[in-house]
Amino acid sequence: MQYRYLGSSGLQVSALSFGAWVTFGNQLDVDAAYELMNAAYEAGVNFFDNAEVYADGKAEIIMGEVLKRAPWKRSDLVISTKIFWGGQGPNDRGLSRKHIVEGLDAALARLQLDYVDLVFAHRPDLHTPIEETVRAFTHVINQGKAFYWGTSEWSAQQIMEAYAVARREHLIPPQMEQPQYNMFHRERVEVEYARLYDEIGLGTTIWSPLASGLLTGKYNQGTPDGTRISLAGYEWLRKQFESAEAQQRLEKAGKLMPIADELGCTLAQLALAWTLKNPHVSTTITGASRVEQVVENMKATDFVEKLTPAVMARIEDALDNKPAHPQDWRE
């Protein structure tokens, strides 16, 4: 396993990490979750991702039980949670100081931890002043309840605003962003955030590297039973899979299969390795419902070096979606 620095921080995270979204609490109990996390840990994973909203808190409870059972040193782990959707009450969601403090306390109780390494603002809050949010995250870090804070699905402008407030008020700025990034969803990571990597040392902990399964190959011949799109509460995902855009993406996935075959890897391993080829990806969060999937995903690191410029060019031809960078009018 390769370990990468999280942006400009001194914290190192495994290039491939493991997340609880969808599976923990919806498909998996504690015993099954332990097997998956143990397989990831044995492969070198040190970063495990969660959120207060996953399975209405059950995902954190399950992960907490696994961490309690496992014989791992806490200092060897990087654990995260995300705050925004904590319940139905008027103050149970958003990024107010009240919800950040109370939401993180509740998350720590479910995880049975004294602190998380990373805490994310799960989405931007248009109703809370950014200074209030930055002060609240600075407060929980100063209390020792987290080491770093970051954002998830924030625009570059929103991240820079938080960073500017932190610098002006001598507060702790966001260290990382958790965006969606995969072969079909590229604009934000490759173009919008481009200036932030050098200007503020932004790190990224990307999610949905397999495009909710479109890049696994299992949907190329129809929709198999037992997948996430058949789960209650994920009807929105099924609608996306039935869209014309999804069909176009499946056609592109089919064009990628010969490339994967020539490299001796699966389509999923190719897609994961492709994300790791981007030097601005600190870690790629994977998910799984079976140990076999974890083992397969972790082998993706073996194929990063095989993605030569020639292979990357073939991938670009198949995808035909490289984001356009702003015009340099000086040239």
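What value, in deg cm²/dmol to 500, does the helix sum -39500 (n - 2.57) over DSSP H runs of n ≥ 4 give at 222 nm once divided by the residues of the chain? Each step should come with its number before you reach the end.
Details: 11 runs with 129 residues, N = 331.
Dividing the helical sum by the residues of the chain leaves -12000 deg cm²/dmol.
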Original post:
Which distance in nm do the two modelled labels at residue 168 and residue 56 give, with both placed 7 Å along the Cα-to-Cβ direction?
Top reply: 4.1
**OP:** Determine the gain in length on full extension of the stretch residue 76-residue 147; use 0.36 nm per residue of separation and subtract their C-alpha separation, reporting nm with one decimal.
**Re:** 24.1 nm
Original post:
How about region 15-85: which trypsin sites (Lys or Arg not before Pro) there lie in a loop by DSSP and see at most 10 other Cβ atoms within 10 Å?
Top reply: 73
**OP:** Determine the percent antiparallel among the DSSP beta bridges restricted to the chain, to the nearest 5.
**Re:** 15
**OP:** Hey, can you grab everything whose amide H is under 5 Å from the amide H of residue 17? Only 5+ residues off in sequence or another chain; H modelled, so Pro and N-termini drop out.
**Re:** 284, 285, 286
Original post:
P(r) for region 1-123: what percent of alpha-carbon pairs falls in each 10 Å bin, starting at zero?
Top reply: 14, 45, 33, 8, 0
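So if each residue of separation counts as 0.36 nm, and I subtract the Cα-Cα distance between residue 192 and residue 261, what length gain in nm does that give?
Details: separation 69, 0.36 × 69 = 24.84 nm, distance 3.27 nm.
Difference between extended and current length: 21.6 nm.
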Subject >> Interchain or long-range residues, amide H under 5 Å from residue 24's placed H >> reply: none
**OP:** Tell me which residues come under 5 Å, amide H to amide H, from residue 11 once H is placed; ignore anything under 5 positions away on its chain.
**Re:** 6
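Order of 183, 176, 312 from fewest to most other C-beta atoms within 10 Å? All intermediate terms of the calculation are to be shown ahead of the outcome.
Numbers: 183 23, 176 26, 312 12.
Placing the least packed residue first, the sequence is 312, 183, 176.
Multiplying the sequence separation of residue 329 and residue 139 by 0.36 nm and subtracting their Cα-Cα distance, what value in nm do you get?
On the way: separation 190, 0.36 × 190 = 68.40 nm, distance 4.38 nm.
Value of the extension gain: 64.0 nm.
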**OP:** Would you kindly calculate the translational diffusion coefficient of region 250-331, applying Stokes-Einstein with the Kirkwood radius from alpha carbon pairs, for 10 °C and a viscosity of 1.306 mPa s, and quote it in µm² s⁻¹ without decimals?
**Re:** 113
Original post:
How many percent of DSSP beta bridges within region 116-220 run antiparallel, rounded to 5?
Top reply: 10
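Rounded if a/c is under 1.5, else prolate if a/b is larger than b/c, else oblate: which is region 96-190, with a ≥ b ≥ c the root eigenvalues of its Cα gyration tensor? All intermediate terms of the calculation are to be shown ahead of the outcome.
On the way: a/c = 1.93, a/b = 1.29, b/c = 1.50.
Because a/c hits 1.5 or more and a/b fails to exceed b/c, region 96-190 counts as oblate.
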Original post:
How big is region 26-87 by Rg and Dmax over its Cα atoms, in Å?
Top reply: 11.6, 35
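No lab work stands behind these numbers, since they all come straight from the coordinates. Owing to the predicted nature of the structure, the values given are computational and were not obtained by experimental measurement. Every residue, glycine as well, gets a Cβ built from its backbone with ideal geometry; the counts of neighbours run over all protein chains shown.
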